[in-house]
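Each remark here refers to the structure printed beneath this line.
Nothing in this text is a laboratory measurement; each read-out follows from the coordinates by a stated rule. Being a predicted model, the structure only gives us computed values, none of them experimental. Here Cβ is always computed from backbone atoms with ideal geometry, including for glycine, and neighbour counts include all displayed protein chains.
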Amino acid sequence: MFPFDCLGRWWDKGEEIGLVAVNAKEKKILLGEAKWSDKPVGLKALEDLKRRAHLIDWERGKRKEYYCLFSRGGLTAALLK
């Protein structure tokens, strides 16, 4: 992981990302979601998070992106690969 300068949520035009942490100097961004469901989270959740990440203008195309998913129901085997 990396140290971050700011931490919070991001939203715009009906889209939201629950956790965004930025290291401006290193141009790194952590994007995360928490799911409160008994069902395991799968690849669809990760792909949706990646899609929404591209909506954030900050250093788009120059930044290093990291993703994290938290799920009450766990993660699917396909996602863990």
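Looking only at residues in the stretch 33-42 that are among the hydrophobic types (A, V, I, L, M, F, W, C) and over 13 Å from the mean Cα position of the chain (by Cα), the one that is farthest from GLY61 (Cα to Cα) is TRP36.
Taking the criterion of being in contact with a Phe, Trp or Tyr (Cβ under 7 Å, 6 or more places away or on another chain) and assigned to a loop (DSSP other than H, G, I, E, B), the only residue of the stretch 1-41 that qualifies is GLU26. Note on the stretch 42-81: residues that are among the aromatic types (Phe, Trp, Tyr) and either part of a helix (DSSP H, G or I) or under 13 Å from VAL22 (Cβ atoms) (or both) amount to 2.
The set of residues from the stretch 5-32 being without any contact (Cβ under 8 Å) to a residue 12 or more places away in the chain and either under 14 Å from the mean Cα position of the chain (by Cα) or within 15 Å of LYS50 (Cβ to Cβ) (or both) comprises ARG9, TRP11.
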